[in-house]
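Remarks on the structure that follows.
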Amino acid sequence: MIENRIGQPVLREEDLRLLQGRGRYTDDVNALHQARAHVLRSPLAHADIRSIDTAAAKKMPGILAVLTGEDLAARGLGMLKTGFAGQRSDGTPGFAVSQPLLAQERVRYAGEAVAFIVAETVELAKDAAEAIEVDYNPLPSVNSVDDALAPGAAAIWDANPGNEAYTFEKGDAATVDAAFAGAAHVVRHRVCVNRIAGNPMENRGCIGNYDSFEDRYELRATVQSVHGIRALIAGQIFAMPQTRLRVICDNMGGGFGTRGGCHPEYSLVLWASEVIGRPIKWIADRSESLLTDEQSRGGLVDAELALDADFRFLGLRTHTKVPIGAYFGTDRNLRSATGGLGGLAGVYGVPAIHAKVTGAFTNMIGNAQYRGGAKPEPVFVLEVMVDFAAKQVGIDPAELRRINTLGTDAMPYKTSFGDVYDCGDFMRNYDECLEAGEYSAVGQRRAEARSRGKYLGVGTSNTVTGVASTNFEHVEVRFDPSGGITLLSGAMDHGQGHGTTFKQVLAGKLGIDGHDIKYRFGDTDKVATGVGTFNARCAVFVGSAVANAADKIIEKGKRIAAHLMEAAVDDIEYSGGKFTVAGTDRSLDLTEIAKTAFQKPKLPPDIEPGFYEHGEFGMGMGEAPTYPNGSHLAEVEIDADTGKITITRYTAVDDAGTVLNPLLFDGQVHGGIVQGASQIMMEDIHYDRESGQLITGSFMDYCMPRADDFCHFNISANEVPTLRNPLGVKGVGEAGTCGALPAIQNAINDALHQIGAAPVEMPTTPEKVWQAIQAAGG
């Protein structure tokens, strides 16, 4: 029996190899005659560069090159540019400004690259960095979004007083104003979504090589899109055809959106290799990654929710202020704060919404997407406001959600933002989640917990967000003359298990054993094109592309089989890996057809030799994304004496459409829950408000979750397949994070509410919770 098919819990093919240390991560690779690089970074958050003296460093033993902003200008390399800057609140264009690969004249955040040192060893490069003398003239720094937008704030860019980079608005403000004017209840709250780091297990790194014989560059790097990075570096930095650059990424220890950007070091190693004529490796250490990886989230949201006398939602108004960092040179600075606003409608279809987002320049590294892209924040705001509303009007939060949740009879449903939910059973998600989480017995558990000196809180969330909304994805199914099969994909695998899942799809379509298929990705010289892995898009786009390519293989196989068995093409049926003449026992298996396809004399004149087909699937103009949705319930206990929070119960019911692999479905939800929970409870990027120095610059200060911080997760799927792709999948990669953030936040504040304590904002550290308990009388 062949078990490797869609819907079966197949183990990830790479797990054993990775657990045995046989992966191929960037730092595992060493090129012949490889040199090492180190980046000298600014110790100040804002300063003019009066001079840089590299003479002593260049004379040190083993030093091969010392590159500065002056050398960069002489080489004439370009900078990344945003494709859409929007506009500012006064109607003028958004203030787009790009970051040079190395600072020129001024540094604008602590950690900005000032010099690139190449040496025989990384230790020699670090020693040389100590010998470089940089004369800085310190300037005032702005390190919080409120400070940046305050009247009279120091300008990070002289040509942009006020520090506003852009203001983005969505929705009909007048309609929302009218909804609020007729409301029986209005709930207002400032919601904090703190700034965090992605912290993939593997630090950022790259190896660059310039081949003078071919006049061609090669980059091996930790990236989520080899084709996307190739396009940016070739097109915007080096101004050369993409054919002159090869980008490779084999294994990568996590991406989460953090590895989606095109960081300066990727171009610096290529340029430096061109200078010294040797390959160059650069690997960040953990503190360097915390300081210079793009950071995420970080908004302060002034939110208002209007309800009628029957507690039905009438309107929602939000104004988010987000620190985008010192530069506005990529679409990530804007899209990471505005791309998920559709989540404000939720499963309730809030009838009138107006959302405003103001991006402000601050003296810190730029912002970008992180697990869930821009979607967890709007979902969080909505679901937190629902709980605040329930407490203000005196109704059970679960009942308030039930009153407002859309039913299946409302599908398809068009939200006030224009999104169209095609399918989903939101109420079933919620009812099943409450039942599995034993919500009806919370009162008994509260009393029992109180007897142990614990305050028990329960929080829930409902989520629906649009995913798989960017461009398309490409695959190729390639047979060789022996009948062997290779599946090539333009998407990247950095923990998702693509090599397992997409082989299941292909095996299921072709009726063969998936173990016979080889999976390849992550090399622009081997895979024709691709967009990358983000936005929970791969199950939808890659899975569907595989299905399309398999259909083409079957159709070509039918034509060859018809010729070989002297039958009409329409009489050929395909099933279980065999082509059969209908109504007979005459058949040929897929391997025989594949071998024959490479023998031109055996083929009819109208069939080209070879057996390989490509498949594409994506979202074009007028097409809609998929809408995964779900309900989460979290239960926590807070220690009355210490404020320590323990998650004691966690339940989730998610609808990701057709589940391709239940094991990987659960794994994706588990990981998302952990990342959402850790942001709520512990993770935090914190800059000193005066100096602009990163205070949480190592794992001694930046708290990361461990397995024993969590309870057992009770996970289930409510499969409602979509008709928007051939497989019926919706995507699951972002579900856990979107659901966990509000569920756990609501649970913590529910526990505090039971004793009359004020709510707390993320991160809900024990100290912060303890202070709230003490302020309420202990």
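The values are calculated or read from the model by the stated rules, or taken from the named source; none is laboratory data. The structure presented is a predicted model; accordingly, all values stated were derived computationally and were not measured. With ideal geometry, Cβ positions are generated from the backbone for all residues, glycine too; neighbour counts draw on all protein chains shown. What goes into the accessible areas is simple: the full protein's heavy atoms, side chains included, and nothing from ligands, DNA or RNA. Shrake-Rupley method; radii C 1.70, N 1.55, O 1.52, S 1.80 Å.
Beyond a 28 Å Cα-Cα separation, which of these cross-linked pairs lie in this structure: Lys509/Lys595; Lys391/Lys730; Lys454/Lys768?
Check vs 28 Å cut-off fails for Lys391/Lys730.
Loop only per DSSP, at most 16 neighbouring Cβ atoms within 10 Å: give me the GluC sites (Glu not before Pro) in the range 546-650, ordered by residue number. Don't skip to the answer; put the middle values down first.
Numbers: sites: Glu555, Glu566, Glu573, Glu592, Glu613, Glu616, Glu623, Glu635, Glu637; in loops: Glu566, Glu623.
Qualifying residues, ordered by number: Glu566, Glu623.
Taking 7 Å along the Cα-to-C-beta vector as the label spot, tell me the Arg428-Ser451 distance in nanometres, rounded to one decimal.
So the label points at Arg428 and Ser451 sit 3.9 nm apart.
What's the center-to-center distance, using Cα atoms, between the range 646-714 and the range 353-385 in Å?
Distance between centres, Cα-based: 17 Å.
Alpha carbon centre of the range 735-757 versus the range 578-603: separation in Å?
The range 735-757 and the range 578-603 have Cα centres separated by 60 Å.
Place a point 7 Å from the Cα of Ser575 along the Cα-to-Cβ direction; which residues of the range 585-620 have their backbone N under 18 Å from it?
585-590
Going toward the positive end of the dipole of the chain, with +1 on Lys and Arg Cβ and -1 on Asp and Glu Cβ, which of Asn163, Ser212, Ala352 do you reach last?
Ranked along the dipole, the leading option is Ser212.
Work out the charge dipole of the chain with +1 on the Cβ of Lys and Arg and -1 on the Cβ of Asp and Glu about the Cα centre, then indicate which of Ala757, Gly111, Pro241 is farthest towards its positive end.
Ranked along the dipole, the leading option is Pro241.
Tell me, in nm to one decimal, what length is gained between Met240 and Lys595 on full extension, where the rule is 0.36 nm per residue of separation less the Cα-Cα distance?
Working: separation 355, 0.36 × 355 = 127.80 nm, distance 4.04 nm.
Taking 0.36 nm per residue and subtracting the Cα distance, the gain is 123.8 nm.
When all alpha-carbon pairs of the range 248-389 are counted, what percent fall beyond 23 Å? Show your work: numbers first, answer last.
Numbers: 4804 of 10011 pairs.
Roughly 48 percent, once rounded to a whole number.
Tally Lys/Arg at +1 and Asp/Glu at -1 over every other residue whose Cβ is under 14 Å from the Cβ of Ala337; what's the total?
Details: positive: Lys170, Arg195, Arg297, Lys321, Arg332, Arg335, Lys356, Lys375; negative: Glu164, Glu169, Glu294, Asp331, Glu377.
Taking every other residue near Ala337 into account, the sum is +3.
When the chain is fully extended, how far beyond the present Cα-Cα distance does Lys59 get from Leu663, taking 0.36 nm per residue of separation?
So the extension gain works out to 211.8 nm.
Computed over the Cα atoms of the range 32-119, what is the convex hull's projected area averaged over all directions, in nm²? Mind showing how you got there, number by number?
Values: hull surface 33.2 nm².
Averaged projected hull area, Cα only: 8.3 nm².
What ³J(HN,Hα) values, in whole Hz, does the Karplus curve 6.51 cos²θ - 1.76 cosθ + 1.60 give for the range 287-301 when θ = phi - 60°, with x put for Gly and Pro?
Working through the residues one at a time gives 5, 5, 5, 4, 7, 10, 5, 4, 9, 9, 6, x, x, 10, 10 Hz.
What spacing in nm lies between the two simple spin-label points modelled at Glu767 and His712, each 7 Å away from Cα in the Cβ direction?
Distance between label points: 3.6 nm.
With N denoting the number of residues in the range 443-532, provide Rg(C-alpha) divided by 2.2 N^0.38 Å, to two decimal places. Don't skip to the answer; put the middle values down first.
On the way: Rg = 22.9 Å, N = 90, 2.2 N^0.38 = 12.2 Å.
In units of the 2.2 N^0.38 Å rule of thumb, it is 1.88.
Check which residues have an amide H placed less than 5 Å from Val114's amide H, if you skip close sequence neighbours.
Leu40, Arg41, Ser42, Ala103
Given H placed on each backbone N at 1.01 Å, which residues far from Asn718 in sequence or on other chains put an amide H within less than 5 Å of it?
Those lying under 5 Å, H to H, from Asn718 are Asp654, Asp655, Ala656.
Volume per residue, Å³, of the convex hull around the alpha-carbon atoms of the range 678-748?
Looking at the range 678-748, the number lands at 175 Å³ per residue.
Could you please put Glu120, Glu608 in sequence from largest to smallest accessible area, using a 1.4 Å probe? If you can, show how the numbers build up before the last one.
On the way: Glu120 80, Glu608 140 Å².
Listed by decreasing accessible area, they come as Glu608, Glu120.
What order, most packed first, do the peptides 299-310, 491-502 have when packing is the mean number of other Cβ atoms within 10 Å of each residue? Don't jump to the answer; show the numbers that get you there.
Working: 299-310: 18.9, 491-502: 24.0.
Sorting 299-310, 491-502 by mean packing, highest first, produces 491-502, 299-310.
After finding the eigenvalues of the alpha carbon gyration tensor for the range 6-50, what semi-axes result from the square roots of 5 times each, listed largest first in whole Å? The partial results should precede the final answer.
On the way: eigenvalues 352, 80, 13 Å².
Result for the range 6-50: semi-axes of 42, 20, 8 Å.
For the range 285-365, taking Cα atoms only, what is the radius of gyration to one decimal and the Dmax to the nearest whole Å?
Over the range 285-365's Cα set, Rg and Dmax evaluate to 16.3, 56 Å.
Taking 0.36 nm per intervening residue step and subtracting the Cα-Cα distance, what contour gain separates Trp157 from Val275 on full extension? Present the calculation step by step, with values, prior to reporting the outcome.
On the way: separation 118, 0.36 × 118 = 42.48 nm, distance 3.23 nm.
Full-extension gain reported as 39.2 nm.
In whole Hz and in residue order, list the ³J(HN,Hα) couplings for the range 117-125 that follow from phi through the Karplus curve 6.51 cos²θ - 1.76 cosθ + 1.60, θ = phi - 60°; x for Gly and Pro.
Going residue by residue, I get 10, 10, 8, 5, 9, 5, 5, 5, 5 Hz, with x marking Gly and Pro.
Rounded to whole Hz and in sequence order, give me ³J(HN,Hα) for the range 267-283 from the Karplus expression 6.51 cos²θ - 1.76 cosθ + 1.60, θ = phi - 60°, writing x for Gly and Pro.
In residue order, the calculated couplings are 7, 5, 5, 5, 5, 5, 5, 4, 6, 9, x, 9, x, 9, 10, 10, 10 Hz.
Starting from the amide H of Asn661, placed 1.01 Å from N in the peptide plane, find each other amide H under 5 Å away whose residue is 5 or more places distant or on another chain.
Under 5 Å from the amide H of Asn661 lie the amide H atoms of Gly7, each far enough along the sequence or on another chain.
Which value in Å does the Kirkwood hydrodynamic radius of the range 620-778 take, with 1/r averaged over all unlike C-alpha pairs and then inverted?
Details: mean 1/r = 0.0575 Å⁻¹.
Evaluated on the range 620-778, it is 17.4 Å.
How large is the direction-averaged shadow of the alpha-carbon convex hull of the chain, in nm²? All intermediate terms of the calculation are to be shown ahead of the outcome.
Values: hull surface 147.2 nm².
Across all orientations, the chain yields a mean hull projection of 36.8 nm².
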